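Novice: Below are the structure tokens for one structure; questions will follow.
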């Protein structure tokens, strides 16, 4: 038993926001529920009422409008991992989603839920940090856009209050330049396990195939998703060579400060593995230059 | 179709077992990590321990009890028995539901596809090999039935 007093299934966003407004903090949004139900069972959360948004139409699409890809709040990890659109433009994201949990969990859990969990190693959210990502937040008084990085208040703390607001969509703006991206993850087994370390990389290319802009997101090596900013600066103007990738990978590892973890491994091991997976991701991304551009 | 009154915080697993007495679906870890509670909602495998029962209002929920048809076992069930893929049986219902979804979506799965489809279902008895053989055998049986 999870001690909820009421369970609502609104048929529209307006209705859902109205319930949140009426209940004044006592009701909380639920989509897939894989995190929230577990937290409730473990007594880590105390939602008195749930507002299940899974019946609201128009929230499960993945679309491209101009240079922007929009992912609805109800889009599951399974949908994202199988999406032809994401595989074409954001293979790092579809790859990340394909490695979350298990097939059952991927059928239930949503990308927005992954963001709201505010865990630094949450795979889908981590991959999204490698792109120019924002979210649309709907509140009773109206909607606003927020940059993804601004959503993180700390470990497990999302700035969006799920008792007042609803994230309705994720938006990723594609650059004008050619973009390559990839995701790599190290874990103790292939399923139902948290990452030891993971990374999403994105490279925007100049016409001569040198790096115009690089993004390297790494988790879980800090309370929030981590960007290797010095390494990203290093990559600018560099060619896509194995030597550059190795240098960048080693630099990225040195930027991180993972903790010793009984669950994930020692600080030294995890830092060493950051170098391995960043190099792998950069290599993987560079292969895509020849295959899908 | 079932019309039930359920508590707001009841899980689908609890309702299936304790109110509908459909006890084929098993309670394992209750944390979504073992797959013993796997059922199909709108034809898609989910873990019923983490699914609020009220989320399923108006949706189709299929459990292992629905696999046999008038006393005739589903080809998957036959195959599981033939290959020795059932030992204690606790994981079996969940694995059957995941397998059924796989074969409906992909009637001729490769070995790796079977492993991936069943990666959310734990078995502590068999070592999985007989289970994978059973799914491949069932695929052949189902293909033969279509002819």
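What follows is calculated from the coordinates using simple rules that are stated; it is not laboratory data. Keep in mind it's a predicted model, so treat the numbers as computed, not measured. Neighbour counts are summed over all protein chains in view; Cβ atoms, including those assigned to glycine, are modelled from backbone coordinates with ideal geometry.
Novice: Which whole number in µm²/s is D for chain B by Stokes-Einstein, with the Kirkwood Rh taken over Cα pairs at 37 °C and 0.692 mPa s? Please list the in-between numbers first.
Specialist: On the way: Rh = 15.5 Å.
In µm²/s, the coefficient is 212.
Novice: Another question about this same structure. What whole number of Å gives the distance from the Cα centroid of region B:1-80 to the Cα centroid of region A:207-259?
Specialist: Taking the Cα centre of region B:1-80 as reference, the centre of region A:207-259 is 46 Å away.
Novice: Using just the Cα positions, wrap region A:178-288 in a convex hull and report its mean projected area in square nanometres, one decimal place.
Specialist: Convex hull of Cα atoms, orientation-averaged projection: 6.6 nm².
Novice: Sorted from largest down, what three extents in whole angstroms do the Cα atoms of region A:6-52 have along their principal axes?
Specialist: 31, 20, 13
Novice: Give me the inter-chain shielding for A:96-107: mean count of other chain Cβ atoms within 10 Å, whole number please. Could the numbers behind the result be given before it?
Specialist: Values: counts 0, 0, 1, 0, 0, 5, 14, 15, 20, 8, 3, 9.
Going residue by residue through A:96-107 and averaging, the value is 6.
Novice: A further question on this structure: Using the scaling law 2.2 N^0.38 Å as the reference, what is the normalised Cα Rg of the protein assembly as shown?
Specialist: The value comes to 1.02.
Novice: Using only the Cα atoms of region B:12-66, what semi-axes does the equivalent ellipsoid have when each is the square root of 5 times a gyration tensor eigenvalue? Give whole Å, largest first.
Specialist: On the way: eigenvalues 43, 30, 24 Å².
Working through the eigenvalues yields semi-axes of 15, 12, 11 Å.
Novice: Under a GNM of chain A (C-alpha, springs under 10 Å), which listed residue has the highest mean-square fluctuation: A:264, A:189, A:238?
Specialist: Looking only at A:264, A:189, A:238, the largest GNM fluctuation is found for A:189.
Novice: Follow-up question, since we're still on this one. Across all directions of projection, what mean area in square nanometres is found for the Cα convex hull of region A:157-211? Provide the component values of the computation, followed by the final result.
Specialist: Details: hull surface 26.9 nm².
Projected area, direction-averaged: 6.7 nm².
Novice: Calculate, axis by axis, the spread of Cα positions in region B:75-142 along the three principal axes, and write the results as whole Å, longest axis first.
Specialist: The Cα atoms of region B:75-142 stretch 27, 22, 17 Å along their principal axes.
Novice: Only Cα pairs within less than 10 Å get springs; with that Gaussian network setup on chain A, which residue of A:102, A:162, A:261 has the largest fluctuation?
Specialist: In this elastic network of chain A, the residue with the biggest mean-square fluctuation among A:102, A:162, A:261 is A:261.
Novice: Here's a follow-up. Ranked highest first by average number of other Cβ atoms within 10 Å, how do A:128-135, B:136-143, B:29-36 line up? Can you show the working numbers first?
Specialist: Details: A:128-135: 23.9, B:136-143: 17.8, B:29-36: 21.8.
Descending packing order for the listed peptides: A:128-135, B:29-36, B:136-143.
Novice: Just for chain A, what percent of DSSP beta bridges are antiparallel, to the closest 5?
Specialist: Working: 45 of 52 bridges.
Around 85 percent antiparallel, to the nearest 5.
Novice: Something else: How shielded is B:7-13 by partner chains, expressed as the average number of their Cβ atoms within 10 Å of its Cβ atoms? The partial results should precede the final answer.
Specialist: On the way: counts 6, 11, 14, 4, 5, 0, 0.
The mean count of partner-chain Cβ atoms within 10 Å per residue comes to 6.
Novice: Separate question: Counting only helical runs of four or more DSSP H residues, what would the 222 nm mean residue ellipticity of the protein assembly as shown come to if each run contributes -39,500 (n - 2.57) and the total is spread over all its residues? If you can, show how the numbers build up before the last one.
Specialist: Numbers: 15 runs with 149 residues, N = 440.
Computed ellipticity for the protein assembly as shown at 222 nm equals -10000 deg cm²/dmol.
Novice: Just A:47, A:73, A:281 to compare: in a GNM of chain A, with alpha carbon springs under 10 Å, which one fluctuates most?
Specialist: It is A:47.
Novice: What span do the alpha-carbon atoms of region A:13-164 cover on each of the three principal axes, reported in whole Å from largest to smallest?
Specialist: Answer, in whole Å and largest first: 42, 34, 29 Å.
Novice: Using a 10 Å cut-off on Cβ to Cβ distances, tally the other chain neighbours for every residue of B:40-53 and report the average as a whole number. Intermediate values should be presented prior to the final figure.
Specialist: Values: counts 1, 2, 1, 0, 6, 8, 9, 9, 1, 3, 13, 6, 11, 1.
Across the residues of B:40-53, the mean count of other-chain Cβ atoms within 10 Å is 5.
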